[in-house]
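Written out below as structure tokens is the structure these notes cover.
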Amino acid sequence: MPQVLEFKLPDLGEGLTEAEIVRWLVQVGDVVAIDQPVVEVETAKAMVEVPCPYGGVVTARFGEEGTELPVGAPLLTVAVGAPADGPAQAEGSGNVLVGYGTSEAPARRRR
């Protein structure tokens, strides 16, 4: 059974606390790959395509184009996991957008 994961607006850096949705790059029902850009947002400093850390089927989008969202607000939900005849994709990309990661933390090395 697929697991539904929520992807929240990540911290885009430099103390920014919100971003405006400029354009959605996916629709509900679309299949997305790990690290595929899903939305274009504009902050006070730049326009950025935000990649999704999960692969699966988009089940919901939060916010219409032109809506401002605070950092940490839900952007979309993705159903991940194995359909009856396919491999699981529950792992995240491991890529990090300031303060967000999708895999286990790397082991720390001691000196």
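The values are calculated or read from the model by the stated rules, or taken from the named source; none is laboratory data. The structure presented is a predicted model; accordingly, all values stated were derived computationally and were not measured. All Cβ positions, even for glycine, are placed from backbone atoms using ideal geometry, and neighbour counts span all protein chains on display. These area figures cover heavy atoms from the full protein model, side chains too; ligands, DNA and RNA do not enter into them. Shrake-Rupley method; radii C 1.70, N 1.55, O 1.52, S 1.80 Å.
Here are a few things to note about the model shown:
- Val39 being of a type in the set (Val, Ile, Thr), within 11 Å of Val78 (Cβ to Cβ) and open to solvent by less than 80 Å² (accessible area, probe 1.4 Å): no
- Hits in the range 42-52 (condition: assigned to a loop (DSSP other than H, G, I, E, B) and open to solvent by less than 40 Å² (accessible area, probe 1.4 Å)): Thr43, Cys52
- Condition check for Arg108: open to solvent by 40 Å² or more (accessible area, probe 1.4 Å), of a type in the set (Lys, Arg) and at pLDDT 90 or above: no
- In the range 53-84, of all residues being part of a strand (DSSP E or B) and open to solvent by 50 Å² or more (accessible area, probe 1.4 Å), the one that is nearest to Gly13 (Cα to Cα) corresponds to Pro70.
- Taken over the range 1-11, residues that are open to solvent by less than 50 Å² (accessible area, probe 1.4 Å) and more than 12 Å from the chain's Cα centre (by Cα) amount to 0.
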